[in-house]
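Enquirer: Once you've had a glance at the structure underneath, I'll fire off some questions.
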Amino acid sequence: MEAGADILVHSIEDKAVEPALIQRLKACHIPYITTFMVHEGYREVLGQEVELSPIEQRRGDPQKPRLGALALEQHQRAIHD
């Protein structure tokens, strides 16, 4: 967070999450996304079945889904070539 992270992705697994970390995340409005949710997102994108939640629609960067779609198109072309 001190380095400027605006999101924390993947689970902390080597020890219990300390309450102080949770409070700092809340105070800085930094979302914490578990590894499970990240993998679910990969399945949705690669399966071309992305359904954004209302908060994802409100807070998301409209350019990033398109960039993800471009990467998926490139991946699919590479597989079929």
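The values are calculated or read from the model by the stated rules, or taken from the named source; none is laboratory data. These numbers were taken from a predicted model, which means no experiment stands behind them. Heads up, the Cβs are rebuilt from the backbone with ideal geometry, glycines too, and the neighbour counts pull from every protein chain shown.
Enquirer: In the range 41-51, which residue that is touching a residue at least 12 places away in the same chain (Cβ under 8 Å) and assigned to a loop (DSSP other than H, G, I, E, B) is nearest to P31 (Cα to Cα)? Steps first, please.
Expert: Within the range 41-51, the subset touching a residue at least 12 places away in the same chain (Cβ under 8 Å) is 45-46, 48, 50.
Applying the additional criterion that residues be assigned to a loop (DSSP other than H, G, I, E, B) yields 48, 50.
Numbers: Q48: 24, V50: 20 Å.
Ranking the candidates gives V50 first.
Enquirer: Still on this structure: Between residues in the range 3-23 that are within 15 Å of T34 (Cα to Cα) and residues that are part of a helix (DSSP H, G or I) and at pLDDT below 85, which pairs lie under 7 Å by C-beta distance while being six or more apart or on different chains?
Expert: Pairs that qualify, where the first residue is within 15 Å of T34 (Cα to Cα) and the partner is part of a helix (DSSP H, G or I) and at pLDDT below 85, are V9/V38; H10/T35; H10/V38; S11/T35.
Enquirer: Restricting the search to the range 29-39, which residues are surrounded by 11 or more Cβ atoms within 10 Å (Cβ to Cβ) and at pLDDT 85 or above?
Expert: Across the range 29-39, the qualifying residues are I30, P31.
Enquirer: State all residues of the range 24-40 that are in contact (Cβ under 8 Å) with a residue 12 or more places away in the chain and under 19 Å from I55 (Cβ atoms); if no residue qualifies, say none.
Expert: So in the range 24-40, the residues in contact (Cβ under 8 Å) with a residue 12 or more places away in the chain come out as 24-25, 28, 30-36, 38.
Selection gives L25, C28, I30, P31, Y32, I33, T34, F36, V38.
Enquirer: Failed condition for D6, given (1) more than 12 Å from the chain's Cα centre (by Cα); (2) part of a loop (DSSP other than H, G, I, E, B); (3) at pLDDT 80 or above, with all others met?
Expert: Status for D6: all satisfied but (1).
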